[in-house]
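One structure below.
Values quoted throughout were computed directly from the atomic coordinates according to the rules given, and no laboratory measurement underlies them. These figures come from a predicted structure and were not determined experimentally. Because the Cβ atoms are built from the backbone with ideal geometry, glycine has one as well, and the counts that use them run over all protein chains shown.
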Amino acid sequence: MPTRRLLAAAALLLLAACRDSTGSDPGLVGTWTLRTVAGHTLPWIDLALEDDTAWVTAGSYTFRADSSYTFTYDYRYRRSGVVSVEHFEDVGRYRATGDSLQLSDWWDYGARRTGRSLVVYGRDNDWVYRR
């Protein structure tokens with residue numbers, strides 16, 4: 001009889017964990033996907049002039065255990081009525097101290113991680129990534 005209760009309790013805990021949208025802390029290593037910039041969902045207008053507009057349409061950070069990372073983002077441009085899409089990719093090194101990160105590539109940024117959210121700051125706006 002106690003075994004059945006134990007199995008039932010374990011099943012309930014497993015079911016509850018599966019329903020949790022935040023889940024457990026995934027750690028830093030892995031891919032983080034850009035969700036918002038300056039509190040706005042994508043695509044986000046990065047630049048808007050009379051005849052030119054630039055939108056951030058996607059982005060990601062992929063952190064590796066060797067303290068390196070790859071950063072990508074996609075832009076859609078409209079220049080004098082002509083639309084184009086560009087993909088950028090860069091690599092860098094990171095230093096993690098608790099939930100704080102120092103990201104270094106051609107520019108230095110700071111970041112903070114809380115569970116499944118990563119906020120990269122040090123640009124004009126906060127860029128929020130999720131796992």
Condition broken by ALA54, with the remaining ones in (1) over 14 Å from VAL29 (Cβ atoms); (2) in contact (Cβ under 8 Å) with a residue 60 or more places away in the chain; (3) part of a strand (DSSP E or B) satisfied | (2)
All positions within region 79-131 that are within 14 Å of TRP32 (Cβ to Cβ) and of a type in the set (Lys, Arg) = ARG112, ARG113, ARG116, ARG130, ARG131
